[in-house]
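The next block holds one structure in the form of structure tokens; read it before the comments.
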């Protein structure tokens, strides 16, 4: 257990501050894994694969909160064929450049973590086998779901050519123009 230091001593010795922080996170990880709760064990697996998890969470925040990122999904095409080819290429690039690296990175980190834990057995708690099998596909699926959510947000926030008040005004103007054109008796001028 790391000794408690005053805040002032952290400024003098940042290495000690880093060690205290690492020992705290290690203790938290051990408590997550020691739990019998499968959700906490799964969270421990996400923590071990934290680079992949951070990538997925960053994308989720980006596509949720940043409208220009959502605008990337507003593809306007005049032909159906080119639009379909565009989206097929887009998803191919997403799978190759983001989903596969997330999946492979999480799988490699969890496998490597368990091998080191088995070899050293020093302050490193292995991840359950079911967690090692579940975390990479969950993160890969989350990537695709985040893209889908970004597309849905883009469509919901897209400006419509005619909103409800405009369509009501256009209908009234059309009615007035029609009435003027036909005259009061329904005959044209």
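Quick note: the coordinates plus some simple rules give every number you see, no bench work behind them. Keep in mind it's a predicted model, so treat the numbers as computed, not measured. Here the Cβ is made from the backbone with ideal geometry for all residues, glycine too, and neighbour counts use every protein chain on show.
Taking 0.36 nm per intervening residue step and subtracting the Cα-Cα distance, what contour gain separates residue 74 from residue 40 on full extension?
On the way: separation 34, 0.36 × 34 = 12.24 nm, distance 3.82 nm.
Answer, rounded to one decimal: 8.4 nm.
Can you compute the label reach from residue 144? Point 7 Å from Cα along the Cβ direction, backbone N cut-off under 17 Å, restricted to the range 64-100.
What the label zone holds, given the 17 Å backbone N cut-off, is 87-100.
Mind checking the full-extension length gain between residue 54 and residue 157? Use 0.36 nm per residue of separation minus the Cα-Cα distance, one decimal, nm. The partial results should precede the final answer.
Working: separation 103, 0.36 × 103 = 37.08 nm, distance 2.61 nm.
Answer, rounded to one decimal: 34.5 nm.
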